[in-house]
Each structure stands twice: as C-alpha cells, then as structure tokens.
1. Nearest 20 debye, what's the magnitude of the dipole of segment 140-242 about its Cα centre given +1 on Lys and Arg Cβ and -1 on Asp and Glu Cβ?
2. Over the chain, what is the percentage of antiparallel beta bridges among all DSSP beta bridges, to the nearest 5?
3. Using Cα springs under 10 Å in a Gaussian network model of the chain, which residue among Ser158, Ser24, Ser86 shows the largest mean-square fluctuation?
4. Full-extension gain between Ala38 and Ser138, please, as 0.36 nm times their residue separation minus the C-alpha to C-alpha distance.
5. Please report the accessible area of Asp154 (heavy atoms, 1.4 Å probe, ligands and nucleic acids excluded) in Å², nearest 10.
6. Taking the chain as a Gaussian network, where each spring joins two C-alpha atoms under 10 Å apart, which residue of Ala59, Ala192, Ala70 fluctuates the most?
7. Write down Rg/Rh for segment 13-76, rounded to two decimals, with Rg from the C-alpha atoms and Rh from the Kirkwood relation over Cα pairs.
8. Amide H of Ala26 versus every other amide H placed in the peptide plane: which residues, excluding those fewer than 5 positions away on the same chain, fall under 5 Å?
Amino acid sequence: LIDGLEGLTNERSGLLSAAPQAASSAYGWSVPRRLAYAQRLELDFAQGGSALSSWQAAAHGIRAVYPQLALSPHMELQPLGPDPRSGLWEFWHVASGAEPRRRASDGRIEIEADSALVFVLLPGGRFAMGAQAVDPASPNYDAVAEPHEFPVHDVELSAFFISKYEMTQGQWERLAGTNPSHYLDNPLVPWAAKPVEQVTWSDCRRVFDRLGLELPSEAQWEYACRAGTSTPWWTGRDRESLRTAHAANIADASAARAGGTWQ
C-alpha cells in the first residue's frame, strides 16, 4: 500500500503532472488531464452542447438503420454518420484523438496522425462461426481450415461497436503515454498513422480498461470480419478475389518500392 501511494505521488509517474497531455505508462492519464476531459464532456453534453446536439441530430438516422436497437448517447463517442458503402453508422472516440474527416470525393474516412479511433455499430444477429475442410457444399468450407476451427456452429450476438481500423501508434500513445512500436520511420507514412505493434494482450487490457474499451471476443471478431459471408475471404472462395477486389495489402513490387525488406 505504501509503495503504491508513493508511486501515485511521485512526480516522475506523471499522475499529478499539470502538463495538458501528461500520461505515464504505469498509470495512464494524469489527474489534471482526466479532470479536463471530464469537464469537456460535461460541457459538450450540457443542453445545447456540441456532442448532445450531434447525437440528437443523428437519432432519427440511427433508428432507421437499427430499428430494433434503443441506443442512448455514449459520452465517449460522437456520431460520424453512416458509411457511404455499407450504410452502417460510424462514431469517433473522443479520448483517442481528433474527429476524423471524410473525403469529399467518396465519403470514405481519412486516417491521419491525430485521428481518433473510428467505431462501427454492427447490428446483432445469428451467424455460422468456425470453418470446416470436409464438405465444400456446407457453410464455411475452407480447404485449409485448422482442426481447432471446427465444428461450425451457430452463434447469436447483440449489437456492438467495433473499431473500423487497426489502432494507430498515435492513438495508443495518446491513451497509454508510451509507444512501444518497432516500425517508426518511413517517409511515406507518418509514424503516428501506422498501426501500433509490440503490444501484448495484457498491455491492451490494462490500457483499455482505463477508458472503458475492451478487445472484441472471438465471436465478435469473426462476425465482423465475415460481414455476412461464409467463404474463406469476404471477397470469395478464391485467393485471387483479394486482388481483384483490392481488399488486401499484398507484399508485391509496390512494397519493395516503399522500403519493405521482408520476403
């Protein structure tokens, strides 16, 4: 107990630092930063506040897409509107960065160094989870399915939010106060816009718990990735479908031009 108290009051921990963005890997955000964030939410969700007004304006559109869902405003999230391709509503996570912007040309979101996490609201539903390499005529056939993916079984999920993109190094650093990533330097992509790596499951649990976030369950992850499909890839059964749909980041000649050294 004494060690813990001394750690909390130690200036080096950053917990009592008055710096606007102070955070430490051990304790997360400083107390002044947490207070400033709470005061911001209080102001934004007061009558006439920007966040409350945004949720009120979005309420009708959200009900139209999710008629069975009674969704109350989440103070940590603000609506971005529906994705122009899927029609599913997207939200940005206030604590993790600035509001992302949509491209004027196609409405798709641009992730930049200061962008916040983007969450997609997925409707609940039943789906066939798992994969099998036995019967090509049955659901979720995959010729290279592993034994632990069997048997294919039905799972039902309630509606949930899931991050649309990989978490960036900038987002992790803003939330955790540190950046453990190895791949930092590349002239084509700012380090803060690259996916964070070199983090463990335990690291994620520790950091996310501080801000009400959590890792998706295995069922949530597969439900989101399948997106209503039953093929090995959401683009189809054939691996080449990934290429024709421009759905995968394949290590081809363009990777070599960008400085990739892997095989």
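The values are calculated or read from the model by the stated rules, or taken from the named source; none is laboratory data. Just so we're clear, the structure is a prediction, and the values are computed from it rather than from any experiment. As a convention, Cβ positions derive from the backbone with ideal geometry for all residues, glycine included, and neighbour counts pool all protein chains shown. What goes into the accessible areas is simple: the full protein's heavy atoms, side chains included, and nothing from ligands, DNA or RNA. Shrake-Rupley method; radii C 1.70, N 1.55, O 1.52, S 1.80 Å.
1. So the dipole magnitude of segment 140-242 works out to roughly 420 debye.
2. Values: 23 of 25 bridges.
Once the DSSP bridges in the chain are tallied, antiparallel ones form about 90 percent.
3. Highest fluctuation among the options: Ser86.
4. Details: separation 100, 0.36 × 100 = 36.00 nm, distance 5.15 nm.
That works out to 30.9 nm of additional length.
5. Answer for Asp154: close to 100 Å² accessible.
6. Of Ala59, Ala192, Ala70, the most mobile in the Gaussian network model is Ala70.
7. So for segment 13-76, dividing Rg by the Kirkwood Rh gives 1.19.
8. When sequence neighbours closer than 5 places are left aside, there are no close amide H contacts.
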